[in-house]
Structure formats: C-alpha cells, structure tokens
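Participant: Quick one: structure below, then a few questions.
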Amino acid sequence: MACMAINSSQKSRSQCKNGRSTPDYVWAGLAFLALHQLNNYGQPMKQILILVAAAVLILGFFALDLNQYLTLEGMKASLGQFEAHRAAAPVVVGLAFFGVYVAVTALSLPGAAILTLAAGALFGLTVGTLIVSFASSLGATLAFLASRYVLRDAIQRRFGERLKAINEGMAKDGPLYLFTLRLVPVFPFFLVNLLMGLTPIRTLSYYWVSQVGMLAGTLVYVNAGTQLAQITSLSGIVSPGLLLSFALLGVFPMLAKKFLGFLQSRRVYAKWLRPKSFDRNLVVIGGGAAGLVSAYIAAAVKAKVTLVEAHKMGGDCLNYGCVPSKALIKSARIANQMRHAEDYGLSATEPRFSFSKVMARVHAVIAAVAPHDSVARYTELGVEVLQGYAKIVGPWTVEIKLNDGGTQRLTTRAIVIAAGARPFVPPLSGLDDVGYVTSDTVWDEFARLDAPPARLVVLGGGPIGCELAQSFARLGSRVTQIEMAPRIMIREDIEVSDLARDALARDGVDVLTGHKALRCEREGIEGVGDGVRKFIVVEHQGQEERIEFDALLCAVGRVARLQGYGLEDLGIPTQRTVAVNDYLETLYPNIYAAGDVAGPYQFTHTAAHMAWYAAVNALFGDFRKFKVDYSVVPWATFIEPEVARVGLNEQDAKEKNIPYEVTKYGIDDLDRAIADGTAHGFVKVLTVPGKDRILGVTIVGEHAGDLLAEFVLAMKHGLGLNKILGTIHTYPTLAEANKYAAGEWKRAHAPQKLLALLGRFHAWRRG
C-alpha cells in the first residue's frame, strides 16, 4: 500500500534527461535536512551518529548510481541476470533481496514500488508477497524508530501544546488511524514512517498494524509484478492478466476505503440493535438555521422528516442574535445621523426618543420575520414539527419529551444534531450578585427599561461586543468596553482593529484593551443612601481598577450546546463542539452535526451551508457523500464603518507562511462615498504574488458586507482581479470600489518594458 503511494507520486513527477525521476533525490535530501535542522546542536552523540550514518548511506546510494536499478527500465534490463542468480542460489538471492528492501524502506530511498514489482517478477506471487510484506514492515519500523529516537523529544518540547490533541487521539485510536493510512494510500510511505515516530504509538503495535495494513496493497503490487515479467512484446501489454492487475491497482484504494468504513461501522454499532424498519428518514434536533435548512431539504426531496425544537423556532439568529441586533443598530445609526446632520447640510439635533419604543421596535422586527421560520410554514413545506426536548437514546432512536407533557419515541435512519450555541458566561466571582445580561437575554431585560442604562459595561471585544457597545453608546449610554486581549476584533488585521477602536471612541465608547476582568463587587443596600452600587474589578499592567456600572453585558463568545442530547451516553466525542469528520458525521455514521454545535464557524450563513451537506449525506450517503467546503467563508461585523472579510488577511497569511501581495484602494477616493458622506475605509485584496488569484479580501466601509459578495463569488469560482476589472459596474455606486481595487492591482503589474516600447512607438508615429 505504501508502495502504491510512492509509485503514484513518481508518475506525476517530471523526468530528467537520463530517464530517472530527480524529485526523488530531492525527497531524500529534504528528509535528511529536516532530521538535521529540527534537532538542537547539543544532541547526544548517538543521535548524531545515526544522522551521519543515514547521510552516508543515502549519499552513497546516489553516488554509486544504484538508483538506476530501482527504475522500471533498470529492473526490466536486469531481470534476466537476476533470474539466473536466483536459479543458482534461490535462498541467497532471496535473503539479499530481503536485505536490500529493508534498507531502501528504512532509509526512505526511492524505488520501493519498483522493488515490489520486481519481487513478483522474480519470486512469484506467494514468495514475493511474503518477502515484501515482512521486509517493508521491518524497514518501516526501523525508519519509525529512527524518527522517534532522533526527532520525537525535540518536536514534543517545541510543539508539545499544539500536538496535545494529536497525542491524545493517537493514544486512544492510534492503531486504527495507522491502519487507515496503510490501507488507503493517503500519504507517502516514508512520510507515514517519519510522522508516526513522533507519536506515542507503541513500536510493536506499529509493526503488526503496518504488516496487516499493507498486506492487501502488497498483494496487488506483487501480482502486477508477476504480469510485468511476462511481457515480451507490445501485444503482451494488453494481456488480460496485466489489465486485471492494473485494474486492481486503481480500484483497490476505493475498495479498501469501503472495507474500512464497513469495519468502523460494525465496531461502533456492535452493541446496538438496528430496527428492521424506521418511522422517519431523518430527525433533526434544533430549529435554528442549520436545523431549518436540514429539515427543508429533506422535505423537498420527499423524505419523511421530523424537526424537534424545545423553545423558539428560528433559533438564536432570529430571536437573540442577527435580527434583533441589526434592528437595534439601525435605530442607533439614525440617532447618530441626527446628531451629525450638519454633515449633510441640515441642522443637527439631539434625538429625542423613548428607549422602550426602540426596544419595542426590535421585538416588532423579530415578530415580522418570525413567520419565515414558523411551525406553520415548515408544516406546510412537509416537515413534521414537534415542540419538545429531544434525546438520542440509540443510533436510530430519538426520545422526545413534548412540551405538552407527553413522550414520543421515533426510529429514524439518520439524525442531524443542530442544537446551536449559547453565550459563554465567564466564571467571575460576584457576577451573579451584581446581575448581568447576555446577548440572548438583553432584549427582554432592556425592554423593561424606560431609558438605556446610564453606565453600561460591555465585557468582550469581539464582533458582538463591538456592535452592541457602539449601538448603546449612540442611544445615550456611557459605555465601557473591556477586552483582555491587546486589541479589539483580534481576528482582524491591526489596522482594522485600530479603525474599529477609533470609530467606537468617536461614539463615546471607552475601550479598555489589555484589561483582565477579575471579579464583581456589590456595595450598599437597596433604598438606603445611594442604594446599591455595582463594580467590576479589572487588572491592567499589574494594577487593579474598579469600574462602576448600572448594567453589565457579557459578550465574550458562545459555546456549543452539548448537554441533554444523549451524546455522552452514546460515547460521541465532544470538546468545545461535537466532533465530526469532513462529511459532518459523528462517531456514528448515521448521526450528523451541523451549525454552531459542530463549528468551526459560528455564523448563520455557515450553519445553513453545513446543513445542506448534513441533510444530503444523511439521506443519500449510502450512495454518495460530499465533504463540507469551508474554502470560501465570508463574515461581517456591523459596526460603523462595517468590517467584512473573506479568505485570508495579512495576519492569517503571516501565521501560515503563505506568500502574498497586497493591493489597497481607499474608499475616500470613491465618488459615491464622497456624495454620501461615507468617504472612509478601504478595500484590501491579498493575491498570489505576480498573479491575480485572490487569497482574501478585507473591506472596511459603508455596506462592506454587501460589497464583499462580489469577491466571494470570484473566489468560489476561481475568478481573478482581471475578471472584476473587466466587469461593468454601475456609476455611481459603492460597488465601484471593487473595480478600482482591481485597477490598482493592474496598475502595479503593468508591463513597464512594453509600455516604454509603446511610448517610443507612438513618438515615432508622431514623426
């Protein structure tokens, strides 16, 4: 199997003039350099000796031009000679071949695939398979031990924290994971040996799993070698035996993957009794974005689907997040525009309003959108909606405690968990004593107020915290925003964070970065003197500071809802989210998770995006499955100015060591922005150096979230900046900023030599 991976990589590489594959030399050199560089100079002498010995053997291999025998041409040319030696001394030749194979695999030299074919040609299927099977496993184990002895300690010391999850996974399911790599050729043979040496898997386990896992692939390759030995003319190339052998080479990875999936299924379902028939094709737990889309898709393809929601349909987005926050942002923006009406030639005025009416409008907007996600609508679409709490009591069984007091059990072929997330409340001492609101509860709690809180503390400097801090400041609250990190909106570039901070400061928000919340304190007695006073104590540069407030809003992130759904009883792994694979499958292949409960993004649009994959895989995965695509994920923060992004920013590119070019267009130059009084912000595009392929885009400015859509489309479908530049954009619109950004890139990459020649040409034309 490992040989298969090597062979396939050889086929795709360019060939040098003498017919041999030069990149194999590069691989060998890189392997040695990596071993040398990743270790400290103060390493023990034994480790140095191992490196030197390996280097000498590798260099000697190439210096003596021994690799000529490990090509298909070299093998064919020498086959007759080897046959003669084998006939004269079969045991000696067999042992020598065994030793050479062990050395080649142990040193990660190129040619293991050719040797495997040669084994079939020289020794036949049975003996050849035995030799290769044991030799490859022994050589792999030696490479594994060398990697472990020389590299593991240094790697673990340097990257121990990052490797913690991998180490835990290998300690738990290392043999199964290794078996997968051996059975299905995902990574090259030598790479598996080197990387596995860094993990805690036991040596004995590594050997026998490699032996068993590579056996099927070895059989296929050795069989192909027996057929190659029989080729004497061009007609022999199309012999039935050879065609069958190569057909097996192509089909084997797919068959192996199917077989492995079958074994895993039997393992996880072993203690469960599968129903002979099912009440439903799909049961969806959760009525938020992911759950609604999953149920809708199932109903659209005529599956029998039940959606279970315990509380409000529409989930967090409709009831607590996107919809109410944007309604509040709009009211706050209008109030701010009234204060700055002179910017538009009008008389500025301080807005007079009823805070209770503002909050009433927020709830009115929720009520207006709610029918889109209602029980009635989804029932009309063909979805059975049950109001209650669902618990998975078996891989195919869901128990529902209905809100009306009844209980119902349903069997189903597949389940989608779309339970969403909830606000994270930090474990601060005294927090419960002073009282607090979250992004979920603020809408109901503040709706009871006649005026906005005079002094509001917003804990958290992420998108939610920034949006609410700015909005309440514009509505009259004196807002203090506390963020432990050195800057707000930490996922964005520094210049974006600075712009956001300046914008919030202009609206009166006191942004405190680098301040760690320690505890909350309460003083006084209700109705006595100054009454109850509330404080939050923060630490900054080693000094404590008390900040008084009337209301405290916790906006420090959200955590997946993982309790109460039976995940623990089924042994489904969870950490911060439900553990899923690329197909959104949990430990049980018929149980899926989508949306915030599965991550990695907590956006309504990504939840809906994931839901398509979860629903389609749940209903049709026995025939074809689709890997969820996170390659192009946009998001926006709706402060003023808006911040929108897709793909990489400079911060991400630097962390991942991805080379890039930056093209930036200032929106202060845009005609429509000037006319609208919104001439601020920029469009920043990251591209592949020297090319127009887009790596990522950040837009800061009015309607940035809307402007981003063009770049999302371009990245999704592989369109570059030249295509955007060649597209007509309506004048005057904000969308022209995208075209002008593409023009800036074009100007920077104009062919200067050609332009100089054109200048001389036109001068000549003028006479």
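Participant: Between ASP582 and LEU125, what's the calculated FRET efficiency when r is the beta-carbon distance and R0 is 30 Å? Round to 0.05.
Facilitator: On the way: r = 36 Å, r/R0 = 1.21.
Given R0 = 30 Å and the Cβ-Cβ separation, E is 0.25.
Participant: Okay, moving on. Residue separation times 0.36 nm, minus the C-alpha to C-alpha distance between LYS401 and ARG491: what's the value? Mind dumping the intermediate values first?
Facilitator: Numbers: separation 90, 0.36 × 90 = 32.40 nm, distance 4.06 nm.
Length gained, LYS401 through ARG491: 28.3 nm.
Participant: Can I ask one more? Please sort 623-632, 118-127, 285-294 by packing, taking for each peptide the average over its residues of neighbouring beta carbons within 10 angstrom, highest first.
Facilitator: Working: 623-632: 12.6, 118-127: 20.7, 285-294: 30.3.
Highest to lowest by the protection proxy: 285-294, 118-127, 623-632.
Participant: With θ set to phi - 60°, apply the Karplus curve 6.51 cos²θ - 1.76 cosθ + 1.60 along the stretch 635-643 and write out the HN-Hα couplings as whole Hz, x wherever there is a Gly or Pro.
Facilitator: Karplus-based 3J(HN,Hα) across the stretch 635-643 equals 7, 8, 10, 9, 7, 10, x, 5, 10 Hz.
Participant: Over the Cα atoms of the stretch 316-433, how large are the radius of gyration and the largest Cα-Cα distance (Dmax), in Å?
Facilitator: 22.0, 67
Participant: Whole Å is fine, so just give me how far the alpha carbon centre of the stretch 359-430 lies from that of the stretch 537-552.
Facilitator: With the stretch 359-430 and the stretch 537-552 each reduced to a Cα centre, they are spaced 38 Å.
Participant: When N is the residue count of the stretch 554-653, what does its C-alpha Rg come to as a fraction of 2.2 N^0.38 Å?
Facilitator: On the way: Rg = 15.5 Å, N = 100, 2.2 N^0.38 = 12.7 Å.
Output field value: 1.23.
Participant: In angstroms, what radius of gyration and Dmax does the stretch 338-396 have, counting Cα atoms only?
Facilitator: For the stretch 338-396, the Cα-based Rg and Dmax read 22.3, 67 Å.
Participant: One-quarter of the Cα convex hull surface for the stretch 373-477, in nm²?
Facilitator: Working: hull surface 44.0 nm².
The Cα convex hull of the stretch 373-477, projected and averaged over all directions, gives 11.0 nm².
Participant: Label HIS372 and LEU263 with points 7 Å out from Cα along Cα→Cβ: what is the distance between them in nm?
Facilitator: For HIS372 paired with LEU263, the spin-label model returns 4.8 nm.
Participant: Given Cα pairs under 8 Å that are at least 6 residues apart, what percent is the relative contact order of the stretch 667-767?
Facilitator: 22
Participant: Computed FRET efficiency, Cβ-Cβ of ASP498 and ALA341, R0 25 Å: what is it to the nearest 0.05?
Facilitator: 0.35
Participant: Compute the distance in nm between two label points, each set 7 Å from the Cα along the Cα-to-Cβ direction, one at ARG274 and one at ALA348.
Facilitator: Between ARG274 and ALA348, the simple spin-label model gives 7.2 nm.
Participant: Mean shadow of the stretch 463-515, computed from the convex hull of its alpha carbons, in nm²? Walk me through the numbers on the way to the answer.
Facilitator: Numbers: hull surface 12.3 nm².
Averaging across all directions leaves 3.1 nm² for the Cα convex hull.
Participant: Over the stretch 535-591, one equal point on each Cα, no solvent: what is log10 I(q)/I(0) by the Debye formula at q = 0.12, 0.19 Å⁻¹?
Facilitator: Here log10 of I(q) over I(0) equals -0.55, -0.74.
Participant: Another question, if that's okay. Fewest to most neighbouring Cβ within 10 Å: what's the order for MET715, MET359?
Facilitator: Values: MET715 21, MET359 24.
Fewest-to-most ranking of MET715, MET359: MET715, MET359.
Participant: Then there's this: Just grab the label-to-label distance for ALA447 and SER356, each label 7 Å out from Cα along the Cβ direction, in nm (one decimal).
Facilitator: So the two model labels end up 1.4 nm from each other.
Participant: Let me ask something additional. In the stretch 548-585, which trypsin sites (Lys or Arg not before Pro) fall in coil by DSSP and have 15 or fewer other Cβ atoms within 10 Å? Kindly include the intermediate steps, with their values, before the conclusion.
Facilitator: On the way: sites: ARG558, ARG561, ARG576; in loops: ARG561, ARG576.
Those satisfying the criteria are ARG576.
Participant: Let me ask something else. Calculate the length of the line joining the C-alpha centroid of the stretch 496-512 to that of the stretch 712-734, in whole Å.
Facilitator: 31
Participant: How much length, in nm to one decimal, is gained on full extension between LYS516 and VAL393, taken as 0.36 nm per residue of separation minus their Cα-Cα distance?
Facilitator: Numbers: separation 123, 0.36 × 123 = 44.28 nm, distance 4.22 nm.
Separation in residues times 0.36 nm, less the Cα-Cα distance, equals 40.1 nm.
Participant: Same structure again: Kirkwood hydrodynamic radius, the stretch 641-752, all distinct C-alpha pairs: what's the number in Å?
Facilitator: Details: mean 1/r = 0.0717 Å⁻¹.
About 14.0 Å, per the Kirkwood formula over Cα pairs.
Participant: Sticking with this one: Quick one: if the Förster radius is 45 Å, what FRET efficiency do ARG747 and ARG422 give, using the C-beta to C-beta distance and rounding to 0.05? All intermediate terms of the calculation are to be shown ahead of the outcome.
Facilitator: Working: r = 49 Å, r/R0 = 1.09.
E between ARG747 and ARG422, to the nearest 0.05, is 0.40.
Participant: Would you mind calculating the gained length between ASP432 and ARG693 on full extension (0.36 nm times residue separation, minus the Cα-Cα distance), in nm to one decimal?
Facilitator: Working: separation 261, 0.36 × 261 = 93.96 nm, distance 5.15 nm.
Roughly 88.8 nm would be gained on extension.
Participant: Got a sec? How would PHE179, PHE761 order by Cβ neighbour count within 10 Å, fewest to most?
Facilitator: Working: PHE179 18, PHE761 9.
With the sparsest Cβ surroundings first, the list reads PHE761, PHE179.
Participant: How long are the semi-axes of the equivalent ellipsoid of the stretch 431-551, defined as square roots of 5 times the Cα gyration tensor eigenvalues? Whole Å, largest first.
Facilitator: Details: eigenvalues 123, 64, 28 Å².
Ellipsoid semi-axes (Å, largest first): 25, 18, 12.
Any read-out appearing in this document is the output of simple, stated calculations on the displayed coordinates, not a laboratory observation. What you see is a predicted model, and the numbers here were worked out from it, not measured in a lab. Here Cβ is always computed from backbone atoms with ideal geometry, including for glycine, and neighbour counts include all displayed protein chains.
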